[in-house]
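Worksheet for the structure shown next.
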Amino acid sequence: MLSPTLSGSFCPLPRLNNRRSALFFAQTKRTSLVTSALASEKVTASQDVMAQSPNLSFPILVNGVTGKMGKAVAEAAVSAGLELVPMSFSSVDKPARTLEISDIEINVHGPSEREEILSSVIDKYPDVVVVDYTVPNVVNENAELYCKFGVPFVMGTTGGDRPLLYKTVQDSNVYAVISPQMGKQVVAFLAAMEIMAEQFPGAFSGYKLEVMESHQATKLDTSGTAKAVIACFQKLGAIFDMNEIQMIRDPEEQINMVGVPEEYLSGHAYHVYNLTSPDETVSFEFQHNVCGRSIYAEGSIDAAIFLHKKVLSKAEKKIYDMIDVLREGNMR
């Protein structure tokens, strides 16, 4: 049996051994819920700014291009007609390397050079927007640096001290998009979940929740998307401890138990959320599968364009997430 993934390709459904017998929320129902929920949102006044400059271009600095996600974002930036800055930060000190992305030679610099390099980038590209896809243990350091120089940025890297991240941005008054998930369609699903949690608190009171998330072995932290969805289920009354998330990073298990196609072992995101009533007579299953990285790369570029236009319009609000980007409309 095949299930359409949010990236537009087809991936097999996870072959999980569970005792659920009913699937109450099919993909079409979830899509309908998302569509109606988002349609009811009012479009903000700043949408006019976006509509007036559909072909706007600006410089973009992608940090972490040595990783697969950063490379995908850099390629998407060039495809979107943005000016890719030929520099990037790496989490490895003294990387002493260059790489070519879309015929552009990128000079990669280590952590000890970050401040000097960012200063030189700002001098040459004063309206630059940064997109960060580095590693969790440098999230806060990088954010502090961006805020120190007053550079608007999109934080695509998950992990780090998130409360501190928000405080750093808030105190600096810098424009930023911070989201645990950059895939637009997945974010739409998250938006629908948040609406349901807000309008129907306790609807799943007493239900037991089980969560499985599978990502490529190089993803070091627990899925931020899974945590966000779980938070909604907890508001709905489901019983769950974040420490109970089943993280799958072993390729053999991903193929045999989850059903990830072998060609996507190096880049995928499978999530399954199972809810069971206290007497075990009712079960619900929510699922979203993504193969590849294009969904995140395109969403990151939409976020960067959104942020640049917020800077141009001198928007009062400074910190945004991908739900804000979705609500704005006019995405590519």
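The values are calculated or read from the model by the stated rules, or taken from the named source; none is laboratory data. What you see is a predicted model, and the numbers here were worked out from it, not measured in a lab. No Cβ is skipped: glycine too gets one built from the backbone with ideal geometry, and neighbour counts run over all protein chains shown. The protein model used for the area step is the full one, side chains on, heavy atoms only, and it has no ligands, DNA or RNA in it. Shrake-Rupley method; radii C 1.70, N 1.55, O 1.52, S 1.80 Å.
Okay, here's what the table says:
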quantity: Whole-number accessible area per residue in Å² for the stretch 179-324, which is evaluated in the context of all protein chains at 1.4 Å; calculated: 40 Å²
quantity: Only Lys, Arg (+1) and Asp, Glu (-1) charged, at Cβ; the stretch 124-163 dipole about Cα centre in debye; calculated: 60 debye
quantity: Separation between Cα centres of the stretch 136-182 and the stretch 219-262, rounded to whole Å; calculated: 24 Å
quantity: Pair Lys318, Glu115: separation of 7 Å Cα→Cβ label points (nm); calculated: 2.1 nm
quantity: Gain on full stretching of the segment that runs from Ser266 to Gln234 - 0.36 nm per residue minus C-alpha separation; calculated: 8.4 nm
quantity: Backbone HN-Hα couplings from phi across the stretch 276-290 [Karplus 6.51/-1.76/1.60, Hz, Gly and Pro as x]; calculated: 10, 5, x, 9, 6, 9, 10, 9, 10, 9, 10, 8, 8, 10, 10
quantity: Surface accessible to a 1.4 Å probe, Ser294 within the full protein complex, Å²; calculated: 70 Å²
quantity: Arg97 - accessible surface, heavy atoms, 1.4 Å probe, Å² rounded to 10; calculated: 110 Å²
quantity: Long pairs among Lys68/Lys219; Lys71/Lys148; Lys68/Lys167; Lys148/Lys184; Lys124/Lys317, criterion Cα-Cα beyond 19 Å; calculated: Lys71/Lys148; Lys68/Lys167; Lys148/Lys184; Lys124/Lys317
